[in-house]
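A short worksheet on the structure shown next.
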Amino acid sequence: EHPSEEANGLSGNSESSIDNVVEDASGVDTSDNNEEVGKSDLINEGNEDSNDTAEVKNPEVPTPPQSGPFIDLFGDSLISIKMEEGSNSAKLDVHLTNEALNGKKVIGLYFSADWCRPCVQFTPELVAFYNKMNARKGKEDQFEIVWISRCKDFESWGQYFTHMTWLAMQPEDAMGEKGQMLSDKYKVKGIPTLVLLDEDGNVITTDARQKIPADKAGIGFPWRNPLSTAYINLIPREVRLLLKTQVELVKVRVTMMIKGMIAVKRTAQH
């Protein structure tokens, strides 16, 4: 059975579900990185007749190639948005993922969409919390959020993004298969959902959406498990990364071994 809309954190009709994967992302420009991306209208709320546009600048090909846990999650680049002063237009800039997240101690994955009323209501609260955490003395700019859009088209993506102050996953990826894969990976049952990761890509909590209203001052942020805190404090980051890599290798080997055993068994049965 599908969970109720209330359990999902959604309101309105039954279409407001994280399972409603975007099938038509034709409004998103997927042209080659070596070609100039055309202008796409980003019309602000309440100004549907505006002709203002936002220019998307493509990044240079990464040199050397990027690698790491966040490349696996988000891809090679992330997007930021900045409103143009004195106009209703917004400028989108593309950043290399590892450069954009360099020095960040906590990375949030924000699953939300413009068609979800609880998302629209929660986003301003999250903006205020994000700004407050990044203004803390001695911990300035250590918290980043990457928006994983569940919008249905590029225009609505652009309008909703103007209300955010953080980064976004490439819309064609977020609204397509990659976004759904992240949703499945972190067991997202409804939106809005905020998953917090540490600087190595390990999960801190998948329930930050519920923790923020209960701790608006961020006293317990990022709400780590005490054992995880002790592990981080006692084990150097280089050792933690090595251990994580070894664990991933073991998982791959075990998976391959199991698949091989299944294949042999099926062959023997035939």
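Computed from the coordinates by the stated procedures, all read-outs in this text should not be read as laboratory data. In this text the structure is predicted, and so the values were computed from the model without any measurement. As a convention, Cβ positions derive from the backbone with ideal geometry for all residues, glycine included, and neighbour counts pool all protein chains shown.
Kirkwood Rh over alpha-carbon pairs of the range 67-168, then Stokes-Einstein at 4 °C and 1.567 mPa s: what D in µm² s⁻¹, rounded to an integer? If you can, show how the numbers build up before the last one.
On the way: Rh = 14.5 Å.
For these conditions, the coefficient is 90 µm²/s.
If you keep only loop residues by DSSP, which GluC sites (Glu not before Pro) in the range 84-117 have at most 14 other Cβ atoms within 10 Å of their Cβ? Before the final figure, lay out the partial values.
Values: sites: Glu84, Glu85, Glu99; in loops: Glu84, Glu85.
Loop-located and lightly packed - Glu84, Glu85.
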Quick one: which residues, 5 or more positions from Gly108 or on another chain, have an amide H under 5 Å from its amide H? H modelled 1.01 Å from N in the peptide plane, none for Pro or chain starts. Glu144, Ile145, Val146, Leu197
HN-Hα J in Hz across the range 153-169 - Karplus 6.51, -1.76, 1.60, θ = phi - 60°, x for Gly and Pro: 7, 5, 4, 5, 4, x, 4, 5, 5, 5, 8, 10, 10, 10, 8, 9, 5
Sticking with the crude label model, points 7 Å out along Cα→Cβ, report the distance from Glu155 to Lys185 in nm, one decimal please. 3.2
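Can you tell me the order of 212-220, 111-119 when each peptide is scored by its average per-residue count of other Cβ atoms within 10 angstrom, highest first?
Values: 212-220: 11.9, 111-119: 22.2.
Ranked from most to least packed, the peptides come out as 111-119, 212-220.
Take each of the peptides 66-73, 132-139, average the number of other beta-carbon atoms within 10 Å over its residues, and list them starting from the highest. Display every interim value, and only then the final one.
Numbers: 66-73: 16.0, 132-139: 12.2.
Result, highest mean first: 66-73, 132-139.
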Please check which bits of the range 61-104 a label hung off Thr165 would reach, taking the label as a point 7 Å along Cα-to-C-beta and the cut-off as backbone N under 16 Å. 80-84
